[in-house]
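*Asks:* Questions regarding the structure given below will be posed in turn.
The values are calculated or read from the model by the stated rules, or taken from the named source; none is laboratory data. Since we're looking at a predicted model, the values are computed, not measured. FYI the Cβ positions are ideal-geometry reconstructions off the backbone, even for glycines, and counts take in every protein chain you see.
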Amino acid sequence: MSDRDVNVEPDHTTASGGEKDIAVVIEERLLGASSSACLSPVPPCVTTAAGVHDSGTPLASKDKARNPSTMGKDDRNTDSKANADIGYAIAAHVGKNRNRLRSEKVLQIKGTSEVMQGKQETNGNSNGSSTNHRPRDRHESGHRHQRKKKPVTVDTSKAKTSLEALKLSIKQLKWKEFPLGRRACCDIYWHGVSFHDNDHIVSGQVNKFPGMIEMLRKINLSRALRTMQELFPEEYNFYPRSWILPEEYQQFSAQIRGLKDGDAAAHRTFIVKPDGGSQGDGIYLIREPSELRLVADSRAKQAVVQEYVQRPLLIDKLKFDIRLYVLVKALEPLQIYIAKEGLTRFCTEPYQEPNQKNLSHVFMHLTNYSLNVQSDNFVHSDSQSTGSKRTFSSVLYRLASKGVDIKKVWSDVISLVIKTVIALVPELKVHYQADIPPGKPGPTCFQILGFDILLTKNLKPVLLEVNSNPSMRIEHEQEVAPGVFEYVSSPVDEEVKVCVIRDTLRLMDPGQSKPGVAQKGGVITVKACAPEKVQEEEPSDGLPTLCLKQVYPKYTKQFQYLCLVDRIATLFLRFLGIKGNMRLGPTAFRTFIRCCKLSNSNLPMASVDILYIDITRRWSAFTPDSREAGMGLQAFVEAFFQLAGRRSKSAPLRDQVASLLEVCEAHLEGPLGALPAAAAAAVSSEDRRSLSRGRAMARNASKLSPSSSSSTSTSSSSTTTTHHPPLCSPAAPRRAASHDQRLQRARHGPLRTHLEN
Ligand code: ADP
């Protein structure tokens with residue numbers, strides 16, 4: 001990904017205006033701009049300088065980078081620590097720090113009044129200024145209202161490291177906590193890791209979506225975003241080019257060799273991230289494919305290798321990244337909220353563009369808190385605007401003071417978040433339907449995600465990753481005397497995280513939910529991403545204005561055209577037929593072709609079978625640990641792209657796909673639309689027949705259908721084509737068994753916790 005230099009004019013509105021708050025201006029930008037213009041660079045101005053001096057202490061690995069004073073204690077794995085004894089340690093600090101935050105001077109940036117105001121109110125600042133009149137009025141009316149209501153019940157027994165922030169939130173809301181769980185149902189279940197932390201939840205709401213952990217693993221996120229990049233290259237250029245290892249090693253090497261021949265890219269650097277890793281674990285930088293440590297043999301661990309952003313924006317000569325909290329309130333219709341306040345995490349060694357000497361300098365290149373906290377240079381700060389962890393608004397303030405158009409930065413960030421969630425939603429819907437089939441008892445879901453974003457020197461936001469379990473810790477370990485460690489409150493974390501949790505709870509208050517918003521049972525609709533209007537919730541209970549801002553469906557009009565894969569997923573779900581399954585059998589695939597009338601003399605059913613087998617086989621090789629056979633959503637999307645390409649060869653892919661979707665949707669709206677469910681129910685015998693027919697044809701597949709061996713979304717390498725797992729046997733009992741196995745694995749298997757700091 002290239003960082004484009006842009007010419008800059010000082011932003012006079014920021015400097016002198018300030019009449020409109022940031023949310024309004026962002027809204028104007030998002031509503032006014034054409035969708036593709038959302039990422040077009042508006043000239044910003046940055047005057048921060050890059051620091052160029054080498055510390056001269058190369059760190060070959062993260063272990064070597066550890067500060068000897070903290071070596072031996074695992075302050076990164078926060079999950080396993082007992083939360084109970086944390087409570088006492090923090091309690092004393094919490095009150096003190098909250099007072100300190102209150103008395104801190106409130107930053108005033110013209111044009112950012114909403115961000116700042118949110119913070120002021122969040123801090124509980126009731127100094128009688130005019131900004132506080134509204135909340136106080138609400139407080140009074142809120143009391144009248146609250147007397148009638150039963151308190152909302154929250155099961156916190158599985159909250160793990162978010163427990164402290166959750167307790168404070170529940171207290172502020174005057175809700176009822178059940179720290180040991182409850183025999184009767186609770187309104188809300190707060191899980192620390194996954195949807196499956198608590199089994200047998202039949203009602204209420206859970207703060208995790210099924211499948212989110214899997215979807216946000218580095219490889220799956222890269223795949224989902226790559227599919228979107230194929231359709232909308234301009235719109236999705238916020239994610240660095242990535243290759244999946246080991247299967248795309250050949251392409252990666254070829255690409256680098258190609259780059260080497262041209263001068264421009266001679267000094268490219270790449271970052272290698274193990275799939276499923278977190279907190280910077282196992283990450284390293286390379287400049288040559290030969291430096292890869294993962295491809296020694298075909299059993300190598302999976303990883304993503306990604307273009308390294310070489311020129312990040314620096315503050316005080318240090319690289320930093322932004323952690324933004326995003327609430328996915330519902331999948332259908334999609335509802336997204338972004339926290340107005342976030343965190344910035346700073347490196348602890350001045351940044352230099354990568355060179356052979358500094359490639360291993362962890363404190364220079366990786367912004368992870370869990371790594372940098374081990375550096376002698378790490379500064380724990382109780383102020384929001386200094387230290388190695390700061391609030392995002394304090395950084396914006398700093399940038400605004402240098403003439404940066406921070407409204408543009410915010411609007412680009414919002415755009416990145418919406419587009420990323422749109423890329424994730426299709427697969428999440430498949431997981432959702434498999435775990436909570438429509439019509440069966442079960443909870444609804446919501447989830448707070450942690451978006452890690454880097455700003456380039458030219459202020460372009462780049463997505464690094466999305467965390468399914470962003471750390472909600474509000475305390476950190478500190479050495480209070482030599483060798484004595486204690487948990488102490490972290491005011492900056494508390495400032496940001498308690499508001500996010502509290503306001504998420506307020507948005508999920510069952511007393512406020514509107515019937516039209518419930519997603520359960522509503523997954524299968526042909527018109528996905530419907531632009532249903534959901535009102536911005538207003539506080540009615542004496543609490544501050546929400547720190548979470550709704551961005552979707554608010555900006556549906558600007559982004560709905562991106563929902564092509566979501567519409568493909570809707571077709572996929574419709575033809576899955578039997579609840580609980582996540583893979584399409586061959587007969588269901590044929591039924592899809594028939595119902596949508598896609599077969600003709602150019603595409604006989606024999607070719608359809610070959611297409612199914614070819615693509616399913618390759619995707620099975622990409623996910624060798626999956627025990628469920630058949631065609632998953634990603635494989636179906638690839639098949640759909642191929643079918644779309646056959647119909648209108650010269651058009652851009654997105655037009656091909658949009659046009660095929662219209663054909664399919666039009667046919668399914670007709671009388672044939674009722675067929676799939678019935679057809680899928682009686683699937684087994686025909687499936688077996690078509691499979692053996694298909695297998696016979698597959699032997700001639702490459703001769704008959706050269707195009708079927710090329711992929712539009714990924715290409716196989718020699719390391720993956722040798723693996724030929726059995727194709728599906730889709731008889732109903734087997735299907736049910738495989739579903740059970742999957743559930744068992746998900747519930748009791750070695751779930752990667754993905755907890756991070
Ligand atoms: P993890 O989940 O292990 O933290 P990340 O993808 O967040 O993995 O990467 C860790 C750190 O590496 C980031 O916080 C960031 O500082 C740096 N980083 C990651 N990807 C890039 C990239 N493409 N360009 C520059 N820096 C990156």
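*Asks:* From the residues in the range 297-315 that are in a loop (DSSP other than H, G, I, E, B) and at pLDDT 95 or above, which one is farthest from HIS361 (Cα to Cα)? I'd like the intermediate steps shown before the answer.
*Replies:* Step one: filter the range 297-315 for residues in a loop (DSSP other than H, G, I, E, B), giving 297-302, 308-311, 313.
Within this subset, residues satisfying the condition of being at pLDDT 95 or above are 308-311, 313.
On the way: TYR308: 14, VAL309: 15, GLN310: 14, ARG311: 16, LEU313: 18 Å.
Looking at residues that are in a loop (DSSP other than H, G, I, E, B) and at pLDDT 95 or above, I get LEU313.
*Asks:* Right, here's the next one. Report yes if VAL492 is under 21 Å from the mean Cα position of the chain (by Cα), modelled with pLDDT under 95 and not in a strand (DSSP E or B), otherwise no.
*Replies:* No; evaluated as a whole, the condition is false for this residue.
*Asks:* Only residues in the range 277-289 that are part of a loop (DSSP other than H, G, I, E, B) and of a type in the set (S, T, N, Q) count as the first member; pair them with residues that are within 12 Å of the ligand (Cβ to nearest atom) and at pLDDT below 90, Cβ under 6 angstrom, at least 6 apart or cross-chain, and list the lot.
*Replies:* Every condition considered, the pairs that remain are SER278/HIS754; SER278/GLU756; GLN279/ARG76; GLN279/GLU756.
*Asks:* I need the full set of residues from the range 573-590 which are touching a Pro at 6+ places or on another chain (Cβ under 8 Å) and farther than 18 Å from ASP614 by Cα, in order please. If you could, list the steps in order and put the result at the bottom.
*Replies:* To start, the set of residues in the range 573-590 that are touching a Pro at 6+ places or on another chain (Cβ under 8 Å) comprises 574-575, 577, 579-580, 585-588.
Across the range 573-590, the qualifying residues are ARG574, PHE575, GLY577, LYS579, GLY580.
*Asks:* Filter the range 648-678 down to residues that are small (Gly, Ala, Ser) and surrounded by 16 or more Cβ atoms within 10 Å (Cβ to Cβ) and give me whichever is modelled with the highest pLDDT.
*Replies:* Among them, the one singled out is ALA658.
*Asks:* Taking the range 599-626, which residues are touching a helix residue (DSSP H, G or I) at 6+ places or on another chain (Cβ under 6 Å) and either under 28 Å from PHE232 (Cβ atoms) or not in a helix (DSSP H, G or I) (or both)?
*Replies:* Within the range 599-626, SER599, VAL608, LEU611, TYR612, ASP614, ILE615, THR616, TRP619 meet the criteria.
*Asks:* Okay, next question. Which residue out of GLY442, GLY387, GLY450, GLY403 is outside any helix (DSSP H, G or I), of a type outside the set (A, V, I, L, M, F, W, C), modelled with pLDDT of 95 or more and away from the ligand (no atom under 13 Å from the Cβ)?
*Replies:* GLY403
*Asks:* Quick check on the range 360-370: of everything there that is within 12 Å of the ligand (Cβ to nearest atom) and among the polar types (S, T, N, Q), which residue is modelled with the lowest pLDDT?
*Replies:* Taking the candidates together, the pick is SER370.
Residue-by-condition table, conditions (1) crowded, with 23+ Cβ neighbours inside 10 Å; (2) without any contact (Cβ under 8 Å) to a residue 40 or more places away in the chain; (3) under 20 Å from the mean Cα position of the chain (by Cα); (4) on the phi > 0 side of the Ramachandran plot:
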site: ARG183; (1), (2), (3), (4): no, yes, no, no
site: HIS196; (1), (2), (3), (4): no, no, yes, no
site: GLY204; (1), (2), (3), (4): no, no, no, yes
site: LYS208; (1), (2), (3), (4): yes, no, yes, no
site: GLY211; (1), (2), (3), (4): yes, no, yes, yes
site: LEU225; (1), (2), (3), (4): no, no, yes, no
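*Asks:* I've got another one for you. Which residue is nearest to LEU396 (Cα to Cα), if the candidates are limited to the range 360-369 and must be aliphatic (A, V, I, L, M) and outside any loop (DSSP other than H, G, I, E, B)? Don't jump to the end; show me each part of the working.
*Replies:* Kept after step one, since they are aliphatic (A, V, I, L, M), are these residues of the range 360-369: 362, 364, 366.
With outside any loop (DSSP other than H, G, I, E, B) added as a condition, the list becomes 362, 364.
On the way: VAL362: 25, MET364: 22 Å.
Of everything passing the filter in the range 360-369, MET364 is nearest to LEU396 (Cα to Cα).
*Asks:* While we're here: Is it the case that the range 185-193 has a residue that's buried (at least 20 other Cβ atoms within 10 Å of the Cβ), among the hydrophobic types (A, V, I, L, M, F, W, C) and free of Cβ contacts under 8 Å to residues at least 60 places away in the same chain?
*Replies:* yes
*Asks:* Of all residues in the range 324-359 being outside any strand (DSSP E or B) and within 19 Å of THR545 (Cα to Cα), which is farthest from the ligand (Cβ to nearest atom)? Please lay out each step first, then the result.
*Replies:* Within the range 324-359, the first condition is being outside any strand (DSSP E or B), and the residues that meet it are 332-333, 340-342, 347-359.
If we keep only those that are within 19 Å of THR545 (Cα to Cα) too, we end up with 340-342.
Working: LYS340: 22, GLU341: 19, GLY342: 14 Å.
Within the range 324-359, the match that is farthest from the ligand (Cβ to nearest atom) is LYS340.
*Asks:* Also: Which of the residues belonging to the range 599-628 are of a type in the set (A, V, I, L, M), surrounded by fewer than 19 Cβ atoms within 10 Å (Cβ to Cβ) and within 21 Å of ARG646 (Cα to Cα)? Can you show your working first?
*Replies:* Taking the range 599-628 and keeping what is of a type in the set (A, V, I, L, M), we get 603, 605-606, 608, 610-611, 613, 615, 621.
Of the ones still in play, those that are also surrounded by fewer than 19 Cβ atoms within 10 Å (Cβ to Cβ) are 603, 605-606, 621.
Within the range 599-628, LEU603, MET605, ALA606 qualify.
*Asks:* Separate question: Applying the selection to the range 272-288, what residues are surrounded by fewer than 18 Cβ atoms within 10 Å (Cβ to Cβ) and either within 14 Å of LEU245 (Cα to Cα) or near the ligand (Cβ under 9 Å from one of its atoms) (or both)?
*Replies:* If the condition is that a residue be surrounded by fewer than 18 Cβ atoms within 10 Å (Cβ to Cβ) and either within 14 Å of LEU245 (Cα to Cα) or near the ligand (Cβ under 9 Å from one of its atoms) (or both), then ASP281 is the only one that fits.
*Asks:* Hey, any hits in the range 419-428 for a residue that's away from the ligand (no atom under 16 Å from the Cβ), among the β-branched types (Val, Ile, Thr), buried (at least 23 other Cβ atoms within 10 Å of the Cβ) and more than 30 Å from HIS196 (Cβ to Cβ)?
*Replies:* Scanning the range 419-428, I find no residue that is away from the ligand (no atom under 16 Å from the Cβ), among the β-branched types (Val, Ile, Thr), buried (at least 23 other Cβ atoms within 10 Å of the Cβ) and more than 30 Å from HIS196 (Cβ to Cβ), so the answer is no.
*Asks:* Quick one: in the range 460-485, which of the residues that are of a type in the set (A, V, I, L, M) and more than 11 Å from the ligand (Cβ to nearest atom) is farthest from SER169 (Cα to Cα)?
*Replies:* So, considering only residues that are of a type in the set (A, V, I, L, M) and more than 11 Å from the ligand (Cβ to nearest atom), the one farthest from SER169 (Cα to Cα) is ALA481.
*Asks:* Could you list, in sequence order, the residues of the range 170-188 that are assigned to a loop (DSSP other than H, G, I, E, B) and touching a helix residue (DSSP H, G or I) at 6+ places or on another chain (Cβ under 9 Å)?
*Replies:* Within the range 170-188, LYS174, TRP175, PRO179, ASP187 meet the criteria.
*Asks:* How many residues are part of a strand (DSSP E or B), away from the ligand (no atom under 14 Å from the Cβ) and not polar (S, T, N, Q) if we restrict to the range 189-243?
*Replies:* If we filter the range 189-243 for residues that are part of a strand (DSSP E or B), which is where we start, we get 189-191, 205-206, 242-243.
Of the ones still in play, those that are also away from the ligand (no atom under 14 Å from the Cβ) are 189-191, 205-206.
After this cut, where a residue has to be not polar (S, T, N, Q) as well, the list is 189-191, 206.
The qualifying residues number 4.
*Asks:* Do we have any residue at all in the range 618-635 that's among the hydroxyl-bearing types (Ser, Thr, Tyr) and in contact (Cβ under 8 Å) with a residue 60 or more places away in the chain?
*Replies:* Yes, some residue in the range 618-635 is among the hydroxyl-bearing types (Ser, Thr, Tyr) and in contact (Cβ under 8 Å) with a residue 60 or more places away in the chain.
*Asks:* Just a yes or no: is a residue in the range 548-565 buried (at least 17 other Cβ atoms within 10 Å of the Cβ), modelled with pLDDT of 95 or more and within 23 Å of PRO151 (Cα to Cα)?
*Replies:* Checked against the condition, which is being buried (at least 17 other Cβ atoms within 10 Å of the Cβ), modelled with pLDDT of 95 or more and within 23 Å of PRO151 (Cα to Cα), the range 548-565 yields at least one hit.
*Asks:* If you check LEU331, LEU359, which single one turns out to be buried (at least 23 other Cβ atoms within 10 Å of the Cβ) and at negative phi? Spell out the reasoning first.
*Replies:* Values: LEU359 fails: buried (at least 23 other Cβ atoms within 10 Å of the Cβ).
Result of the check over LEU331, LEU359: LEU331.
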